[in-house]
Amino acid sequence: MNIRRFTLIFTPYFWLIALFLIPFIIVFKISLSDPALAIPPYTPNFDLSGGWSAIGTFFSQLDFENYEFLLTDDLYWKSYLTSIKIAFFSTVFTLIVAFPIAYGIAKAPLHLRPMLMMLIILPFWTSFLIRVYSWIGILANEGILNNFLLWIGIIDQPLRLINTNIAVYIGIVYTYLPFMILPIYANLEKMDSSLIEAAEDLGCSRIGAFWSITLPMAKSGIVAGCMLVFIPAIGEFVIPSLLGGSSTNMIGKVLWGEFFSNRDWPVASSVAVVLLAILMIPIILFQRHQQKENMNE
Amino acid sequence: MNNRSLSWFNTTSLVLGFAFLYLPMLILIIYSFNSSKLVTVWAGFSTKWYGELFQDEQFMQAAWVTLKVGFFSATAATVLGTMAAYALVRTKKFTGRALFSGMIFAPLVMPEVITGLSLLLLFIAIDLDRGILTITLAHITFSMCFVSVVVSSRLTSFDKSLEEAALDLGCTPFDAFKSVVLPIIMPAVASGWLLAFTLSLDDLVIASFTAGPSSTTLPIKIYSSIRLGVSPQINALSTIMIGIVTVFVITASIISKQSIKKYESEKIRANL
């Protein structure tokens, strides 16, 4: 291997090892440490000057206490469950909202499609924080939505929307919608519409043709879209902290609180390790799915 | 079927879908011109919040920090991401390739709280003072993976024989890359840079973990002021940001459309 090739491969490789892999090893190590009133606020610290015996004591002081704590204190395991639940249902809602839009664009006249797709992608380029923020004014107790509903007379008193799980669902569906529409549209667009015409000619009903042809053809796009929403939604911090209430304990928010408010770094680290372990399953499934898709093309 | 006009069902779902996507932002823009501080009451047209925004030293300072971090991190991430993409697409076998491609893929789906926490603990372990440098390092690390994905999809689709021809004709690998590969993948490299820049401008969580007290970025500043509720100044700032992005995306799409047309007409001429 010549020197140029070596540089080409190993510059980005070492960068990722130094700033992606090693940080995780540090997180794992701190998750096995004990909190302490010191700077940095955990013990033991690695001290190479002490020689082999110091390294020995260092390892003997590491334990799984923080993980036991996560299991016994119901704040944590409930937060994991809440995160998975919210991520799951918002994925379903996003799919329900996204599919008709993707389908509509795929069926739109050819010359309109690039423009419609640009309109889907445009919000993705604008700030995520601002898109979440835009819902605060709408969902507030004296916000635009409540005022509107009161004005047309559907409700007598304002609905409590902001700082509830409903607001979190709306926030996730709104901000992650492009991630769901893009892969589904990519699949639907490739679909040969003569297949549906053939099915209809052969006596299939419209809905029957949809279930037996359109949906299976869009399956890999649906799977990819669901993964792209579900995986990041579990660890979401911004949406639950701005739109959710004090009872919306999603794990990203708990981790943030442990670190910044409680200053308990070992617990924050073990929360991160467990979260990563939970995410490993969908991440690996997603990567397999993507590789299979690439092979098919 | 393609050229048939839309059915009522498709039209309705498109109209509702786009209303859902754009109404919240439209409301945000309208209320940035409201002279009342309350979001619920319309008290007449005014641009005073824009004036207040530009006089707010803290916002201007934060915007400057954000642009600096965005520029430097996007540039470095584009170089590293393009290198990574080229290495992974062109070299099928080397030691640790699986780990490498795994590390390129993982940050794309990693929750930001984990990335932020782990980088902060690294910076503390090596005793690096938190500030603009640490935010930039953190942003390079996750954006380079996005750049690499964008660039490698372009690299896999282009004709490898062009590069081989250049090598056969006596080009060094570096020259072949510079004069054959780079011009072809340039649109992907450019959109990779834009993506990295946008991701950096947008990031709240990782920046909050890796920023020091003197290096507040715009998202950190926005977040701390909207935690207290809706503020018309933030509406004004959002309107400016939405405006810039809209102009930018529309210009970029017109330019790319023209370059595609130019490419097509050249191809037709070459065939004649």
(message) List the residues, sorted by chain then number, that are 5 or more residues from residue A:42 or on another chain and whose placed amide H is less than 5 Å from its amide H.
(response) A:36
(request) Run the dipole for chain A about the Cα centre, Lys and Arg Cβ at +1, Asp and Glu Cβ at -1, nothing else charged, and hand back the magnitude in debye, nearest 20. (result) 680 debye
(request) Find which of A:214, A:116, A:255 sits farthest along the positive direction of the dipole of chain A, computed with +1 on the beta-carbon of Lys and Arg, -1 on that of Asp and Glu, about the Cα centre. (result) A:116
(request) Report ³J(HN,Hα) in whole Hz for each residue of segment B:204-214, in order, from the Karplus equation J = 6.51 cos²θ - 1.76 cosθ + 1.60 where θ = phi - 60°; Gly and Pro get x. (result) 9, 5, 5, 5, 4, 6, 9, 7, x, x, 9
(request) Would you calculate, for chain B, the mean residue ellipticity at 222 nm contributed by helices, counting each DSSP H stretch of 4 or more residues as -39,500 (n - 2.57) and dividing by all residues, to the nearest 500? (result) -25500 deg cm²/dmol
(request) For residue A:215 and residue A:110, calculate 0.36 nm times their separation in residues minus their Cα-Cα distance, and state this gained length in nm to one decimal. (result) 35.7 nm
(message) Let's test the formula: R0 of 25 Å, r as the Cβ-Cβ distance of residue B:269 and residue B:97. What FRET efficiency results, to the nearest 0.05?
(response) 0.05
(message) Take residue B:125 and residue A:142, extend 7 Å from each Cα along the Cα→Cβ direction, and tell me the distance between the two endpoints in nm.
(response) 5.1 nm
(request) Rounded to the nearest 500, what is the 222 nm mean residue ellipticity of chain A from helices alone, with -39500 (n - 2.57) per DSSP H run of 4+ residues and division by all residues? (result) -23000 deg cm²/dmol
(request) Output the relative contact order of chain A, whole-number percent, from Cα pairs under 8 angstrom with separation of 6+ residues. (result) 26 percent
(message) Suppose a student asked you for the relative contact order of chain B, using Cα pairs under 8 Å spaced at least 6 residues apart; what percent would you report?
(response) 29 percent
(request) Using only the alpha carbons, work out the radius of gyration and Dmax of chain A in angstrom. (result) 24.6, 82
(message) Using the Cα centre of segment B:51-130 as origin and beta-carbon charges of +1 (Lys, Arg) and -1 (Asp, Glu), tell me which of B:83, B:116, B:59 is placed farthest towards the positive end of the dipole.
(response) B:83
(message) Helix B:182-202 against the longest principal axis of chain B: what's the angle in degrees, Cα atoms only, rounded to the nearest 10?
(response) 20 degrees
(request) Rounded to whole Hz and in sequence order, give me ³J(HN,Hα) for segment A:102-116 from the Karplus expression 6.51 cos²θ - 1.76 cosθ + 1.60, θ = phi - 60°, writing x for Gly and Pro. (result) 4, 5, x, 5, 5, 9, 6, x, 3, 6, 8, 4, x, 5, 4
(message) Can you classify segment B:133-272 as rounded, prolate or oblate using the Cα gyration tensor, where a ≥ b ≥ c are the square roots of its eigenvalues, rounded means a/c under 1.5, and otherwise it's prolate if a/b beats b/c and oblate if not?
(response) oblate
(message) What do you get for the angle between helix B:57-90 and the principal long axis of chain B? Use alpha-carbon atoms, 0 to 90 degrees, nearest ten.
(response) 20 degrees
(request) Run through all the Cα pairs of segment A:218-272 and give the fraction in each 5 Å bin from 0, expressed as whole percent. (result) 4, 19, 21, 18, 15, 9, 7, 4, 2, 0
(message) How big is the dipole moment of the protein assembly as shown about its Cα centre under a simple scheme where the beta carbon of each Lys and Arg is +1, that of each Asp and Glu is -1, and everything else is neutral? Debye, nearest 20, please.
(response) 1260 debye
(message) Nearest 10 degrees is fine. How inclined is helix A:51-60 to the longest principal axis of chain A, computing both from alpha carbons?
(response) 50 degrees
(request) Run the quick spin-label model on residue A:291 and residue A:152: label points 7 Å from Cα toward the beta carbon, then report their separation in nm to one decimal. (result) 5.1 nm
(message) Assuming a strict under-24 Å limit between Cα atoms, what lysine pair count do you get for segment A:76-296 once near-sequence pairs (fewer than 8 apart, same chain) are dropped?
(response) 8
(request) Kindly state, to the nearest 0.05, the FRET efficiency for residue A:207 paired with residue B:15, given R0 = 22 Å and r defined as their beta-carbon distance. (result) 0.50
(message) Just to verify a number: FRET efficiency for residue A:278 and residue A:96, C-beta to C-beta distance, R0 = 22 Å, to 0.05?
(response) 0.35
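Every number here is computed from the coordinates shown, using simple stated rules; none is lab data. Values in this document were obtained by computation on a predicted structure and should not be read as measured data. Because the Cβ atoms are built from the backbone with ideal geometry, glycine has one as well, and the counts that use them run over all protein chains shown.
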